[in-house]
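Engineer: One structure, pasted below without further comment.
The values are calculated or read from the model by the stated rules, or taken from the named source; none is laboratory data. Worth saying up front: this structure is predicted, and the values here are computed from it rather than measured. We place every Cβ from the backbone using ideal geometry, glycine too, and count neighbours over all the protein chains shown. The accessibility values were calculated without ligands, DNA or RNA, using every heavy atom of the protein model including side chains. Shrake-Rupley method; radii C 1.70, N 1.55, O 1.52, S 1.80 Å.
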Amino acid sequence: MGGTWTGAGKGFSVSRETLEFQAETRQLLHLMVHSIYSNKDIFLRELISNASDALDKVRLESLINKDLQVDTSDLHIAIEVDKDKRTLTVRDNGVGMTHEEVVSLIGTIAKSGTAELLRKLRETPEGAAQDLIGQFGVGFYSTFMVADRVTLVTRKAGESQGTFWESTGEGTYEIESLDEAPQGTSVTLHLKPEDREDQLFDYTADWKIREVVKRFSDFIAWPIRMGGEDQPLNSMKALWARRRSEVSDDEYHEFYKHVSHDWTDPLETIHMKGEGTFEYEALLFVPSRAPLDLFARDGKRGVQLYVKRVFIMDDCEALIPRYLRFVKGVVDAHDLSLNVSREILQQDRHIQVVRRRLVKKVLSTLKDIKAADAEKYGTFWTEFGRVFKEGMLEDPDNREQLLDLTLVPSTAAESTSLREYVERMKDGQKDIYYMTGESRAKVEHSPHLEAFLAKGYEVLILTDPVDEMWVEQVPEFDGKPLQSVAKGKVDLGESETSAEQAADFAPLLSWLGEKLGEDVKEVRLSTRLTSSATCIVGDEHDITPTLEKMYRAMGQELPHTKRILELNPVHPLVTGLRAAHEAGADDPGLGEAAELLYGMALLAEGGDLADPPRFTRLLADRLARSL
């Protein structure tokens, strides 16, 4: 349908179409419109942050592209209020958006994890849901908390045609192409009817706008003007360029929320300055909780890069390694070119120096937290430990420090450091014992642990997928080798099998080795079993079944790794099998018993049977004959 829309004193010829929001966007809008939030002020912070980003980008574009027809003489953010019409407008003269960008950025939530966000929003108690908005970068939709209709007018810098967008947040939006529009973006909120009983949320009041801007956006680098005033509402001071003594914790926290789009305070603030041949300032933050996209393939990582206060790029991966991708903040380098590319950054010697210093500072800060506040460090580890352990694979130069900062559960503690484990080691114990598995429960009930627990040895319990890989790359800690309890032979001092036992079981072991030759490389007596009949172990340098399965899932072709079947020489099942073998090795039932024995060992460690129906049939037949 066609029509005419008038704004900013100009008439625009338009051709309007009505489109539907993406299904998940509609669900999100419904939740936000019909939920109660304890702090509605966040909508204004989000709009100002978006405007600030747009101004950063247009300034950078104008510096790089000299042919771009754009006016950057007075870049600013304007806030206008019409009390009679109950409208609030946030306007910028930044980079703006094309028609296609409006549809993709506002009509669709084009990010992974949408379903997870919706689930969390539904499960979150009333009054706390705003804490989830920023985790997903959907702050624009928070405008519908206070407005029953939102209008947007935008024009991309350097282009002649603009775009008009409008929605009530009920499932559809209207979008039009404009013959004319001011450069940048203006968002007009048609505020909901006034709540005379709650004047704290009167967004037509000058004092309220000033208070929100000062509290949330004082650090924004661009002037934020109210109405026709020339004096900005914000101080426009770059926090990273100020002395730490001049900045309050509240200012740091609000700046963190601006750069991270998280609405909770950070766990820790890191303010540093590099001097010498390459000068830079950095303001980094360790969040207090993990974002929803922490493990998403397209999840954001890295900090913002500025050059002499000029914004260059978001998510500068060259400055922060992947295992510290949760760190947020700003790095302002003094001696880089404004048109520096991501590819150039990867090779730049100065950037590599800055990266090493940032990593060193983050790790030393975490070390200080661990030493001073166990509860605070426990929060960090709960949220980011799985990511942090990736550093053992990615950053060998800092591996010792990473190991010192690592916390893992064990058979003796819910959480322990490796150094604490070493301090508790038994007299004469040479190795740090560990076991990997899918869950703590499965590891604790594994037959591999029996002799260790019986003799009072502590075993680390490693259940994260990354644990399977990093323990293969870390030979030792503090001079103590890391030893899997499910690999190699075990020497616990008093558990050696006697020569007499070895001789008694030799015929059975040889026969089992032949019968199970397609599945195992060896059958031997065990020194790690006390109550179970059998278990399967790997050779010292064998790949684990879990790791083998992970590589196959990634498309890598690997030969099947045969492992070792161990028997408990004092278990009635094993002694009975030996007696039956001595009585008649040709009995076909013995071959079935061997299959069952191997299958039991696989199931006990959580492995997969090659032929579950056959195993079930053999077991059922055995049970039937015994009844």
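Engineer: Of [x] 50; [y] 55; [z] 62, which one was derived for percent of Cα pairs over 31 Å apart from the structure shown?
Structural biologist: Of the labelled values, this structure produces [z].
Engineer: Restricting to the chain, compute how many DSSP beta bridges are antiparallel as a %, nearest 5.
Structural biologist: Around 80 percent antiparallel, to the nearest 5.
Engineer: Can you give the charge dipole size of region 160-286 about its Cα centre, rounded to the nearest 20 debye, using +1 on the beta carbon of Lys and Arg and -1 on the beta carbon of Asp and Glu? Mind showing how you got there, number by number?
Structural biologist: Numbers: 13 positive and 27 negative charges, 115 e Å.
The dipole of region 160-286 has a size of about 560 debye.
Engineer: Positive end of the dipole of region 357-488, charges at C-beta (+1 Lys, Arg; -1 Asp, Glu), about the Cα centre: which of Q483, T382, V422 has its Cα farthest in that direction?
Structural biologist: The listed residue farthest towards the positive side: V422.
Engineer: Would you mind checking the tilt of helix 249-260 against the longest principal axis of the Cα atoms of the chain, expressed as 0 to 90 degrees and rounded to 10?
Structural biologist: Here the helix axis deviates by roughly 80 degrees.
Engineer: Now, a different point. Rounded to the nearest 10 degrees, what's the angle between the helix 23-33 long axis and the longest principal axis of the chain, both from Cα atoms, 0 to 90?
Structural biologist: 70 degrees
Engineer: Among A241, Y252, T264, which residue has its Cα positioned farthest towards the positive end of the charge dipole of region 212-324, with +1 placed on the Cβ of Lys and Arg, -1 on the Cβ of Asp and Glu, and the dipole taken about the Cα centre?
Structural biologist: A241
Engineer: Related question: Taking only Cα atoms, what is the 0 to 90° angle, nearest 10, from helix 206-217's long axis to the longest principal axis of the chain?
Structural biologist: Taking the Cα atoms of the chain, the angle to 206-217 is about 40 degrees.
Engineer: Here is a further query. Which of the aspartates and glutamates could be linked to K515 by a straight reach, that is with a Cα gap under 18 Å, when you skip same-chain ones fewer than 8 residues away?
Structural biologist: Straight-distance partners of K515: E566, E582, D586, D587, E592, E595, D611.
Engineer: Further question on the same structure: Just the number, please: carbon plus sulfur as a percent of the accessible area of region 209-301, 1.4 Å probe, no ligands or DNA/RNA counted. If you can, show how the numbers build up before the last one.
Structural biologist: Values: 1850 of 4230 Å².
In region 209-301, the share of accessible area belonging to carbon and sulfur is 44 percent.
Engineer: Just the number, please: carbon plus sulfur as a percent of the accessible area of region 363-502, 1.4 Å probe, no ligands or DNA/RNA counted.
Structural biologist: Answer for region 363-502: carbon and sulfur cover 45 percent of the accessible area.
Engineer: Further, regarding this structure: I need the phi-derived Karplus couplings for region 154-169: 6.51 cos²θ - 1.76 cosθ + 1.60, θ = phi - 60°, integer Hz, Gly and Pro marked x.
Structural biologist: 8, 9, 5, 4, x, 10, 8, 9, x, 9, 10, 9, 8, 7, 9, x
Engineer: Quick one: pull the percent of accessible area on region 508-598 belonging to carbon and sulfur, 1.4 Å probe, ligands and nucleic acids left out.
Structural biologist: Values: 2340 of 4470 Å².
Ligands and nucleic acids excluded, carbon and sulfur give 52 percent.
Engineer: Provide, for region 410-508, the number of lysine pairs with alpha carbons under 18 Å apart, each pair being eight or more places apart or on different chains.
Structural biologist: Counting lysine pairs in region 410-508 gives 9.
Engineer: Find, among the GluC sites (Glu not before Pro) in region 383-483, those assigned to loop by DSSP (not H, G, I, E, B) with at most 11 other beta-carbon atoms within 10 angstrom.
Structural biologist: E438
Engineer: Quick one: accessible area per residue over the chain, 1.4 Å probe, rounded to a whole number of Å²? Could you put the intermediate results ahead of the total?
Structural biologist: Details: 29690 Å² over 627 residues.
For the chain, the per-residue accessible area is 47 Å².
Engineer: Expressed as a rounded percentage, what relative contact order does region 318-416 have, with Cα pairs under 8 Å and six or more residues apart? Walk me through the numbers before you get to the answer.
Structural biologist: Details: 57 pairs, mean separation 28.4, N = 99.
Across region 318-416, relative contact order equals 29 percent.
Engineer: Determine the dipole magnitude for the chain: charges of +1 sit on the beta-carbon of Lys and Arg, -1 on that of Asp and Glu, nothing else is charged, the reference point is the Cα centre, and the result goes in debye to the nearest 20. It would help to have the intermediate numbers written out before the result.
Structural biologist: On the way: 77 positive and 108 negative charges, 151 e Å.
Here the chain has a charge dipole of around 720 debye.
Engineer: Not counting ligands, DNA or RNA, and with a 1.4 Å probe, what is M97's accessible surface area in Å² rounded to the nearest 10?
Structural biologist: M97 has an accessible surface of roughly 30 Å² with all protein chains in place.
Engineer: Right, something else. Output wanted: per-residue J couplings in Hz (rounded whole) for region 358-369, from phi through Karplus 6.51 cos²θ - 1.76 cosθ + 1.60, θ = phi - 60°, x for Gly and Pro.
Structural biologist: After applying 6.51 cos²θ - 1.76 cosθ + 1.60, I find 5, 4, 4, 5, 4, 5, 5, 5, 5, 4, 5, 4 Hz.
Engineer: Oh, and also: At 1.4 Å probe size, what's the solvent-accessible area of R622? Round to the nearest 10 Å².
Structural biologist: In the full protein context, R622 sits at about 80 Å².
Engineer: Could you name the lysines in cross-link range of K361, using Cα to Cα under 27 Å and dropping any fewer than eight places away on the same chain?
Structural biologist: The reachable lysines, counting only those whose Cα sits under 27 Å from K361, are K237, K257, K273, K300, K308, K328, K370, K376, K389.
Engineer: Separate question: Treating only the Cβ atoms of Lys and Arg (+1) and Asp and Glu (-1) as charged, compute the dipole magnitude of region 299-436 about its Cα centre; round to the nearest 20 debye.
Structural biologist: Numbers: 24 positive and 22 negative charges, 59 e Å.
Around 280 debye, computed over region 299-436.
Engineer: Which of A451, G576, L191 sits farthest toward the positive end of the charge dipole of the chain, with +1 on the Cβ of Lys and Arg and -1 on the Cβ of Asp and Glu?
Structural biologist: L191
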